[in-house]
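J.: Structure in C-alpha coordinates, see below.
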Amino acid sequence: MPEATPSPRTASRATPVPTPLAEVTAELARLDDPRIRAVNERHGDDHGVNLTELRALAKRLRKQQELACGLWETGDTAARLLALLICRPKAFGRDELDVMLREARTPKVHDWLVNYVVKKSPHSEELRLAWWADPDPVVASAGWALTTERVAKRPEGLDLAGLLDVVEAEMKDAPDRLQWAMNHCLARIGIEHAEHRARAVAIGERLEVLKDYPTPPGCTSPFAPTWITEMVRRRG
(Lines give C-alpha, C1' and ligand atoms only; values in the text may rest on other atoms or scores of the structure.)
Protein backbone atom coordinates (compact mmCIF):
# COMPACT_ATOMS: atom_id res chain seq x y z
CA MET A 1 0.00 0.00 0.00
CA PRO A 2 1.59 3.34 -1.00
CA GLU A 3 2.48 5.84 1.74
CA ALA A 4 0.18 8.81 2.11
CA THR A 5 1.65 12.07 0.89
CA PRO A 6 1.48 14.84 3.52
CA SER A 7 -0.76 17.72 2.59
CA PRO A 8 0.92 21.13 2.12
CA ARG A 9 -0.71 22.29 5.35
CA THR A 10 0.65 19.33 7.32
CA ALA A 11 4.07 19.73 5.76
CA SER A 12 4.17 23.42 6.72
CA ARG A 13 3.73 22.43 10.37
CA ALA A 14 6.43 19.76 10.29
CA THR A 15 9.60 20.12 12.33
CA PRO A 16 12.15 21.97 10.19
CA VAL A 17 15.23 20.12 9.03
CA PRO A 18 18.10 21.21 11.33
CA THR A 19 20.14 23.95 9.71
CA PRO A 20 23.95 23.80 10.04
CA LEU A 21 25.38 26.53 12.25
CA ALA A 22 28.10 27.35 9.72
CA GLU A 23 25.51 27.94 7.02
CA VAL A 24 23.63 30.45 9.16
CA THR A 25 26.71 32.31 10.35
CA ALA A 26 27.86 32.59 6.74
CA GLU A 27 24.51 34.11 5.79
CA LEU A 28 24.76 36.58 8.66
CA ALA A 29 28.20 37.58 7.41
CA ARG A 30 26.76 38.23 3.94
CA LEU A 31 24.01 40.40 5.43
CA ASP A 32 26.44 42.56 7.38
CA ASP A 33 26.39 46.14 6.07
CA PRO A 34 29.19 48.49 7.20
CA ARG A 35 26.86 51.49 7.02
CA ILE A 36 24.34 49.87 9.36
CA ARG A 37 27.17 48.78 11.65
CA ALA A 38 28.44 52.37 11.89
CA VAL A 39 24.99 53.62 12.93
CA ASN A 40 24.49 50.82 15.46
CA GLU A 41 27.90 51.31 17.02
CA ARG A 42 26.90 54.83 18.01
CA HIS A 43 24.23 53.20 20.20
CA GLY A 44 26.50 50.50 21.61
CA ASP A 45 25.36 47.69 19.29
CA ASP A 46 28.21 46.10 17.34
CA HIS A 47 26.39 44.51 14.41
CA GLY A 48 25.57 45.54 10.85
CA VAL A 49 22.55 43.40 9.96
CA ASN A 50 19.29 45.07 8.99
CA LEU A 51 16.74 43.91 11.56
CA THR A 52 14.02 43.40 8.94
CA GLU A 53 16.32 41.01 7.11
CA LEU A 54 17.25 39.33 10.39
CA ARG A 55 13.57 38.74 11.20
CA ALA A 56 12.97 37.37 7.70
CA LEU A 57 15.82 34.90 8.22
CA ALA A 58 14.36 33.88 11.59
CA LYS A 59 10.96 33.33 10.00
CA ARG A 60 12.54 31.07 7.40
CA LEU A 61 14.48 29.07 9.98
CA ARG A 62 11.56 28.79 12.41
CA LYS A 63 12.11 27.52 15.96
CA GLN A 64 15.35 25.56 16.30
CA GLN A 65 16.56 25.37 19.89
CA GLU A 66 19.84 23.58 19.18
CA LEU A 67 20.75 26.07 16.46
CA ALA A 68 19.76 28.96 18.74
CA CYS A 69 22.13 27.71 21.44
CA GLY A 70 24.93 27.36 18.91
CA LEU A 71 24.36 30.88 17.62
CA TRP A 72 24.39 32.27 21.15
CA GLU A 73 27.67 30.55 21.95
CA THR A 74 29.42 32.33 19.06
CA GLY A 75 29.26 35.55 21.06
CA ASP A 76 28.48 37.51 17.89
CA THR A 77 25.78 40.14 18.38
CA ALA A 78 23.83 39.46 15.16
CA ALA A 79 24.01 35.71 15.84
CA ARG A 80 22.71 36.21 19.36
CA LEU A 81 19.83 38.38 18.16
CA LEU A 82 18.87 35.66 15.68
CA ALA A 83 19.17 33.06 18.43
CA LEU A 84 16.65 34.97 20.53
CA LEU A 85 14.18 34.95 17.63
CA ILE A 86 14.39 31.21 16.89
CA CYS A 87 14.79 29.77 20.39
CA ARG A 88 12.10 28.20 22.56
CA PRO A 89 11.93 30.43 25.66
CA LYS A 90 10.50 27.74 27.92
CA ALA A 91 13.41 25.41 27.11
CA PHE A 92 15.88 27.48 29.15
CA GLY A 93 16.48 26.85 32.82
CA ARG A 94 16.56 29.61 35.39
CA ASP A 95 20.35 29.51 35.76
CA GLU A 96 20.86 29.44 31.97
CA LEU A 97 18.87 32.66 31.61
CA ASP A 98 20.83 34.29 34.43
CA VAL A 99 24.13 33.45 32.72
CA MET A 100 22.81 34.64 29.36
CA LEU A 101 21.76 38.00 30.77
CA ARG A 102 25.18 38.54 32.32
CA GLU A 103 26.78 37.62 28.99
CA ALA A 104 24.57 40.01 26.99
CA ARG A 105 27.15 42.66 26.13
CA THR A 106 25.06 45.02 24.01
CA PRO A 107 21.80 46.91 24.67
CA LYS A 108 19.84 45.24 21.85
CA VAL A 109 20.77 41.71 22.93
CA HIS A 110 19.92 42.61 26.54
CA ASP A 111 16.53 44.06 25.57
CA TRP A 112 15.55 41.19 23.25
CA LEU A 113 16.60 38.58 25.81
CA VAL A 114 14.40 40.16 28.47
CA ASN A 115 11.43 40.92 26.22
CA TYR A 116 11.38 37.95 23.85
CA VAL A 117 12.65 35.18 26.11
CA VAL A 118 12.62 35.89 29.85
CA LYS A 119 9.11 37.38 29.85
CA LYS A 120 7.84 34.11 28.30
CA SER A 121 9.76 31.90 30.72
CA PRO A 122 8.24 30.12 33.73
CA HIS A 123 11.22 31.51 35.67
CA SER A 124 10.44 35.17 34.96
CA GLU A 125 9.14 36.05 38.43
CA GLU A 126 12.02 34.35 40.23
CA LEU A 127 14.49 36.15 37.99
CA ARG A 128 12.67 39.46 38.42
CA LEU A 129 13.18 39.31 42.17
CA ALA A 130 16.80 38.18 41.90
CA TRP A 131 17.81 40.74 39.27
CA TRP A 132 15.93 43.67 40.79
CA ALA A 133 18.26 43.60 43.80
CA ASP A 134 21.47 42.78 41.87
CA PRO A 135 24.46 45.09 42.50
CA ASP A 136 25.23 45.18 38.76
CA PRO A 137 23.09 48.08 37.45
CA VAL A 138 22.69 46.48 34.00
CA VAL A 139 21.38 43.27 35.57
CA ALA A 140 19.18 45.32 37.92
CA SER A 141 17.72 47.13 34.92
CA ALA A 142 16.39 43.76 33.68
CA GLY A 143 14.68 43.27 37.04
CA TRP A 144 13.07 46.68 36.70
CA ALA A 145 11.95 45.88 33.14
CA LEU A 146 10.22 42.72 34.39
CA THR A 147 8.68 44.71 37.24
CA THR A 148 7.32 47.25 34.76
CA GLU A 149 5.71 44.37 32.87
CA ARG A 150 3.95 43.32 36.06
CA VAL A 151 2.92 46.90 36.86
CA ALA A 152 1.10 47.02 33.54
CA LYS A 153 -0.29 43.50 33.29
CA ARG A 154 -0.21 41.71 36.66
CA PRO A 155 0.05 44.29 39.45
CA GLU A 156 -1.53 42.08 42.10
CA GLY A 157 0.90 41.63 44.98
CA LEU A 158 3.21 44.48 43.98
CA ASP A 159 3.88 47.28 46.46
CA LEU A 160 3.44 50.19 44.06
CA ALA A 161 3.93 52.81 46.76
CA GLY A 162 7.13 51.05 47.76
CA LEU A 163 8.35 51.06 44.15
CA LEU A 164 7.74 54.80 44.03
CA ASP A 165 9.76 55.18 47.23
CA VAL A 166 12.73 53.45 45.60
CA VAL A 167 12.41 55.46 42.40
CA GLU A 168 12.23 58.70 44.36
CA ALA A 169 15.32 57.82 46.38
CA GLU A 170 17.54 56.23 43.71
CA MET A 171 16.58 57.13 40.14
CA LYS A 172 18.25 60.55 39.98
CA ASP A 173 21.76 59.14 40.48
CA ALA A 174 21.30 55.71 38.90
CA PRO A 175 23.53 54.66 35.94
CA ASP A 176 21.99 55.24 32.52
CA ARG A 177 20.43 51.84 31.74
CA LEU A 178 19.10 51.40 35.26
CA GLN A 179 17.82 54.97 35.32
CA TRP A 180 15.99 54.42 32.04
CA ALA A 181 14.33 51.24 33.36
CA MET A 182 13.31 52.91 36.63
CA ASN A 183 11.89 55.87 34.72
CA HIS A 184 9.83 53.50 32.55
CA CYS A 185 8.45 51.87 35.70
CA LEU A 186 7.62 55.28 37.17
CA ALA A 187 5.75 56.28 34.02
CA ARG A 188 3.87 52.98 33.81
CA ILE A 189 2.71 53.28 37.42
CA GLY A 190 1.37 56.75 36.66
CA ILE A 191 -0.30 55.63 33.44
CA GLU A 192 -1.91 52.44 34.71
CA HIS A 193 -2.79 53.28 38.32
CA ALA A 194 -4.79 56.46 38.83
CA GLU A 195 -4.46 56.33 42.61
CA HIS A 196 -0.68 56.75 42.28
CA ARG A 197 -0.71 59.12 39.30
CA ALA A 198 -0.32 62.43 41.12
CA ARG A 199 2.64 61.15 43.11
CA ALA A 200 4.30 59.63 40.03
CA VAL A 201 4.00 62.94 38.19
CA ALA A 202 5.31 64.86 41.19
CA ILE A 203 8.35 62.56 41.48
CA GLY A 204 9.11 63.01 37.80
CA GLU A 205 8.79 66.78 38.02
CA ARG A 206 11.05 66.97 41.06
CA LEU A 207 13.80 64.68 39.73
CA GLU A 208 13.66 66.00 36.13
CA VAL A 209 15.16 62.76 34.78
CA LEU A 210 15.12 62.79 30.93
CA LYS A 211 13.39 66.17 30.94
CA ASP A 212 15.63 67.42 28.13
CA TYR A 213 15.88 64.13 26.24
CA PRO A 214 15.79 64.85 22.47
CA THR A 215 12.48 63.58 21.14
CA PRO A 216 11.69 63.40 17.39
CA PRO A 217 8.52 65.14 16.15
CA GLY A 218 5.45 62.96 16.60
CA CYS A 219 7.03 60.90 19.39
CA THR A 220 6.21 61.09 23.10
CA SER A 221 8.92 62.36 25.42
CA PRO A 222 10.31 59.81 27.93
CA PHE A 223 10.11 62.52 30.63
CA ALA A 224 7.68 60.80 32.99
CA PRO A 225 5.21 63.67 33.64
CA THR A 226 4.86 64.32 29.90
CA TRP A 227 4.65 60.60 29.10
CA ILE A 228 2.01 59.95 31.75
CA THR A 229 -0.11 62.95 30.78
CA GLU A 230 -0.03 62.10 27.07
CA MET A 231 -0.89 58.41 27.48
CA VAL A 232 -3.76 59.17 29.85
CA ARG A 233 -5.06 61.78 27.38
CA ARG A 234 -4.98 59.24 24.55
CA ARG A 235 -7.03 56.81 26.59
CA GLY A 236 -9.68 59.47 26.95
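J.: Quick one: if the Förster radius is 25 Å, what FRET efficiency do Glu195 and Glu125 give, using the C-beta to C-beta distance and rounding to 0.05?
T.: So, using R0 = 25 Å, E works out to roughly 0.55.
J.: Still on this structure, I have one more. If a/c stays under 1.5 just call it rounded; otherwise compare a/b with b/c (prolate if a/b is bigger, oblate if not). Do that for segment 151-236, with a ≥ b ≥ c from the square roots of the Cα gyration tensor eigenvalues.
T.: oblate
J.: For segment 9-128, with only Lys/Arg (+1) and Asp/Glu (-1) charged at the beta-carbon, what is the dipole magnitude about the Cα centre, in debye rounded to 20?
T.: So the magnitude is around 680 debye.
J.: Quick check: residue separation of Arg154 and Cys219 times 0.36 nm, minus the Cα distance between them. What number comes out in nm?
T.: Stretched fully, the Arg154-Cys219 segment lengthens by 20.7 nm.
J.: Report the one residue of Ala142, Gln65, Leu97 whose Cα lies farthest in the direction of the positive end of the charge dipole of segment 29-146 (charges on C-beta: Lys and Arg +1, Asp and Glu -1; origin at the Cα centre).
T.: Gln65
J.: I would also like to ask the following. Hydropathy first: keep DSSP H helices in the chain averaging at least -1.0 on Kyte-Doolittle, then drop any whose Cα extent along the axis falls short of 20 Å, and list what survives.
T.: Span-like helices, by this rule, are 137-153, 176-192.
J.: Can you compute the FRET efficiency between Glu103 and Ala202 using 1/(1 + (r/R0)^6), with r the Cβ-Cβ distance and R0 = 25 Å? Round to the nearest 0.05.
T.: 0.05
J.: While we're here: At R0 = 45 Å, how high is the FRET efficiency between Val166 and Asp33 if r is their beta carbon distance? Nearest 0.05 is fine.
T.: Here the calculated transfer efficiency is 0.60.
J.: Got the relative contact order for segment 10-91 handy, in percent, Cα pairs under 8 Å and 6 or more residues apart?
T.: Reported as a whole number, the value is 28 percent.
J.: Here's a follow-up. Which of the pairs Lys108/Lys153; Lys119/Lys172; Lys172/Lys211; Lys119/Lys153 have their Cα atoms more than 20 Å apart in this structure?
T.: Lys108/Lys153; Lys119/Lys172
J.: Can you give me the distance in nm between label points at Arg88 and Asp212, each placed 7 Å from the Cα along the Cα-to-Cβ direction?
T.: Roughly 5.2 nm, to one decimal.
J.: With label points built 7 Å along Cα→Cβ from the Cα atoms of Lys63 and Val17, find their separation and express it in nm.
T.: Here the answer is 2.2 nm between the modelled labels.
J.: Have a look at Cys185, Cys219, Cys69 and tell me which one the Gaussian network model of the chain (Cα, springs below 10 Å) gives the largest fluctuation.
T.: Maximum fluctuation in the GNM of the chain, among the listed residues, is at Cys219.
J.: How much of the accessible area of segment 58-114, in percent, comes from carbon and sulfur atoms when a 1.4 Å probe is used?
T.: The nonpolar share, carbon plus sulfur, comes to 50 percent.
J.: What is the list of residues in segment 120-142 whose amide nitrogen lies under 14 Å from a point 7 angstrom out from the Cα of Asp95, following Cα to Cβ?
T.: none
The values are calculated or read from the model by the stated rules, or taken from the named source; none is laboratory data. These numbers were taken from a predicted model, which means no experiment stands behind them. Don't worry about glycine lacking a Cβ; one is built from the backbone with ideal geometry, like all the others, and counts go over all protein chains shown. Only protein heavy atoms, including side chains, enter the accessible area calculation; ligands, DNA and RNA are left aside. Shrake-Rupley method; radii C 1.70, N 1.55, O 1.52, S 1.80 Å.
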